[in-house]
């Protein structure tokens, strides 16, 4: 009886044309009431999967139904065939959705899309696929973030990680969280090696302490971090701010949030903290405002040819800030696009040895277009090139014949040399002149008084090896404050650099610099001069009274000497800390044990800097002519002695 009923069921429900099935209409009257009810019940059960065919292929891999032997249902109890729809795809059209592309994403490990970390970010910066329905930020987290930004410790539950910021320069490492498109968002300082988060993660944690850094709100300590889901596509949170007019005036409302914009690079590209470059940008909503700058890691800025005049699109990135300056940024080269950039020009040429000259360009050069033979560089006065190599993205070193130190040469660059955008060098600005090599002078920063009355700060340099001063620069916090012209000095000569020369109190006669002798312009003619030293003036403001770094560089940008100082017991400025990193990596400043850190933070900077003086009659002075590259070389208790060797020298 059971076998007959089962056969009847399959004949009625599936319409099977097999042996034993009636060829005409089924006479339901020939079955008793219980049998009829059983058939109807099973027919209704079978109808359930047919009403939702789209869900089934996603719930079961497409191949699985084919693995089920077609005959198996006949060996199961009568109710079983209705609970296993896997047999349907081989005979019914409802199986077709399993062959459509809609099912394909289930084969991809979408949670891994944001795992590759490049400097301060991910390879996609959030272009993860939203394959997990649970990977959604909770809008209520926005209220929690607002509270935390206001300084109140508390929980942040199910917010999206939108950006990973690895340690570069003085910037802290950590991650940014946001929950709704219009923000708010907040940066969380974290050790990324232990935090274990990536872009697209939905996270919960408690913000234990909140701080302020350069105007930004930071979670400085957190606890209980959990990753609740992964794979959220953070592009859903990106705001287009191209037309926004309040990015600077209402910066608090945008800080740390994901943004996108199109505009033009309207300012010069300059340093923006250790490892970064930035330039003013104009958008539809904001033009001519130096408070809006696009900030990029140096490696990316150089690689893409980031330059004034380019059209730019930030695909997406967080709104960073430095005090009141809005600094949208990205750490993924794919997330910043340049177009219509001006052609690269030749900006400078400097002899760095008797047989080498360094050519500096306004933008990054495509190394694949550079001929190693040096044939793209031609010179006058009988000088020839024999080799060329890229030193930095914007400089090329050319090997030449022996240069005559008394001659001036002109170099011309062929248009076959291209920039990273594929454009040839600008043919109207492809030359530069330079003087044949003369050995550069070597110097030490010998004495510093950064609290002279009226801001007329002074820095004294001691010549340790005679030579040319051409293109040697004096730099404060990494920025060039003075470039010397070509004049020759001898060992033990002194040079006094006078700051704020635009102020008559600092440069009473305004006569100029000395290049011929130490008393070329006597004190009787220029009251601020020292008759025992070469006097040079710069209109730049002097070093800050709190903290800073000073350095000397040669024509090739190589460090000659450096030092750093800090008010005793004070907290150094962020820009001082950022500028100190290169001093350590170039082994120009370290600790008293002779070790050179990879970088400095506020604590290590303060511990290793020269403690400055607070009495304007005194100065920071070297105690000898020996340079150990640490604070023990210096003394800040002696009376100022500009124009004379220091005690102990």
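Hey, any hits in the range 195-209 for a residue that's within 30 Å of residue 585 (Cα to Cα) and either within 18 Å of the chain's Cα centre (by Cα) or outside any loop (DSSP other than H, G, I, E, B) (or both)? Taking every residue of the range 195-209 in turn, at least one turns out to be within 30 Å of residue 585 (Cα to Cα) and either within 18 Å of the chain's Cα centre (by Cα) or outside any loop (DSSP other than H, G, I, E, B) (or both).
Checking residue 180 against (1) touching a strand residue (DSSP E or B) at 6+ places or on another chain (Cβ under 9 Å); (2) closer than 20 Å to residue 234 by Cα: exactly one of these is not met. Which one? It is condition (1) that residue 180 fails.
Return the total of residues in the range 165-189 being in a loop (DSSP other than H, G, I, E, B) and either assigned by the TED database to the domain that holds residue 299 or over 19 Å from residue 297 (Cβ atoms) (or both). The total comes to 6. Are any residues in the range 346-383 assigned to a loop (DSSP other than H, G, I, E, B), on the phi < 0 side of the Ramachandran plot and buried (at least 19 other Cβ atoms within 10 Å of the Cβ), and if so, which ones? Within the range 346-383, 362, 363, 364, 376, 383 qualify. Residue 338 meets all of the listed conditions (1) part of a strand (DSSP E or B); (2) within 25 Å of residue 559 (Cβ to Cβ) but one, namely (2).
For the range 284-291, the criterion of being touching a strand residue (DSSP E or B) at 6+ places or on another chain (Cβ under 8 Å), free of Cβ contacts under 8 Å to residues at least 40 places away in the same chain and at positive phi is satisfied by at least one residue. Determine whether the range 321-330 contains at least one residue that is part of a loop (DSSP other than H, G, I, E, B), on the phi < 0 side of the Ramachandran plot, within 14 Å of the chain's Cα centre (by Cα) and outside the structural domain of residue 600 (by the TED database). Yes, the conditions are met somewhere in the range 321-330. In the range 291-304, the qualifying residues are those that are at pLDDT below 95 and more than 11 Å from residue 336 (Cβ to Cβ), and the one that is surrounded by the fewest Cβ atoms within 10 Å (Cβ to Cβ) is 299.
Within the span defined as the range 524-538, every residue fails to be touching a strand residue (DSSP E or B) at 6+ places or on another chain (Cβ under 7 Å), assigned by the TED database to the domain that holds residue 615, touching a residue at least 40 places away in the same chain (Cβ under 8 Å) and exposed (fewer than 15 other Cβ atoms within 10 Å of the Cβ). Output the number of the condition that residue 529 fails; it satisfies all remaining conditions of (1) closer than 27 Å to residue 513 by Cβ; (2) in a loop (DSSP other than H, G, I, E, B); (3) in contact with a helix residue (DSSP H, G or I) (Cβ under 9 Å, 6 or more places away or on another chain). Checking residue 529 against (1) closer than 27 Å to residue 513 by Cβ; (2) in a loop (DSSP other than H, G, I, E, B); (3) in contact with a helix residue (DSSP H, G or I) (Cβ under 9 Å, 6 or more places away or on another chain), the one that fails is (3).
Scanning the range 384-402 for residues that are outside any strand (DSSP E or B) and under 25 Å from the mean Cα position of the chain (by Cα) returns 393, 394. Scanning the range 384-394 for residues that are closer than 30 Å to residue 300 by Cβ and surrounded by fewer than 18 Cβ atoms within 10 Å (Cβ to Cβ) gives 387, 389, 390, 391, 392.
The values are calculated or read from the model by the stated rules, or taken from the named source; none is laboratory data. All values reported here derive from a predicted model rather than from experimental measurement. So basically every Cβ, Gly included, is an ideal-geometry build from the backbone, and we count neighbours across all protein chains shown.
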